[in-house]
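Taken together, the values in this text are just the output of simple stated rules run on the coordinates, not laboratory data. Source: prediction; values computed, not measured. Counting neighbours? That spans all protein chains shown, and the Cβs are built from the backbone with ideal geometry, glycine included.
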Amino acid sequence: MLNLLILVILSLLLASPHSVALSNLNTTCISRVPQPVPSKVSVHNRCMYDVWIRVLGSPEGNGPFQIRRGQKYEGSIYPATSGISLQVAADMGTTVQFQYKAIPEFDFSYYAIDFRSCLKDRNASNCPGWQYGVRAFCGTHESVTCGPGEYCTKVACFDDKTEYPAHSCRNVKDKGMVFELCWINE
């Protein structure tokens with residue numbers, strides 16, 4: 001229902017003289033793509049609320065660390081046998097997980113977005129960042145995007161019944177990795 005309403009509003013805007021403003025908004029959104037830092041993984045919080053992050057599998061400690069709205073967490077990319085899990089919670093309760101497994105000898109990484117632990121009765125509205133979109137950038141401009149309020153099953157994991165969508169990228173040593181919450185919120 002919400003998607004239909006958005007499509008109707010967009011079609012009205014595109015048919016009106018305001019379409020120039022819409023393209024300017026699009027240019028603004030594209031121009032603020034987060035810049036990964038070499039050999040670092042970061043979580044950018046663009047939500048209107050603070051979040052907490054726990055880092056599992058990293059020698060830097062697991063937290064929880066607070067990421068205030070408009071701020072970011074940054075840590076080193078570490079190789080790990082079973083991978084690293086960045087668990088992000090808005091209220092120290094339900095979490096969205098950003099996971100990666102770096103393979104340094106090939107300068108390669110797998111990464112994934114997992115909403116399973118914050119779903120409630122197949123509803124993701126409790127998931128941090130979901131209502132304004134979640135996206136990931138890895139290596140040389142490879143990215144995956146889950147739009148605002150979207151059940152993007154080809155991008156992120158929402159249940160145990162569908163195939164787990166893992167992504168891969170190269171150049172993580174030179175380009176780094178970024179996970180972004182509420183990316184459309186500015």
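Which whole-Hz ³J(HN,Hα) couplings does the stretch 115-130 yield from phi under the Karplus relation 6.51 cos²θ - 1.76 cosθ + 1.60, θ = phi - 60°, glycine and proline marked x?
Ordered by residue, 3J(HN,Hα) equals 9, 4, 6, 10, 6, 10, 6, 6, 10, 9, 5, 7, 7, x, x, 4 Hz.
Within the set Lys120/Lys173; Lys154/Lys175; Lys120/Lys175; Lys40/Lys120; Lys40/Lys161, which residue pairs have Cα atoms separated by over 30 Å?
Pairs exceeding 30 Å: Lys120/Lys173; Lys120/Lys175; Lys40/Lys120; Lys40/Lys161.
At Gln35 and Lys173, where each label point lies 7 Å from the Cα along Cα→Cβ, what is the point-to-point distance in nanometres?
2.2
Apply the a/c threshold of 1.5 to the C-alpha gyration tensor of the stretch 101-148 and tell me whether it is rounded, prolate or oblate. Present the calculation step by step, with values, prior to reporting the outcome.
On the way: a/c = 4.70, a/b = 2.05, b/c = 2.30.
Oblate.
Over the stretch 36-181, what is the relative contact order in percent, taking alpha-carbon pairs closer than 8 angstrom and at least six residues apart?
Result for the stretch 36-181 is 27 percent.
Put a dot 7 Å past each Cα toward the Cβ at Asp159 and Thr81; how far apart are the dots in nm?
Going from the Thr81 label point to the Asp159 one covers 3.4 nm.
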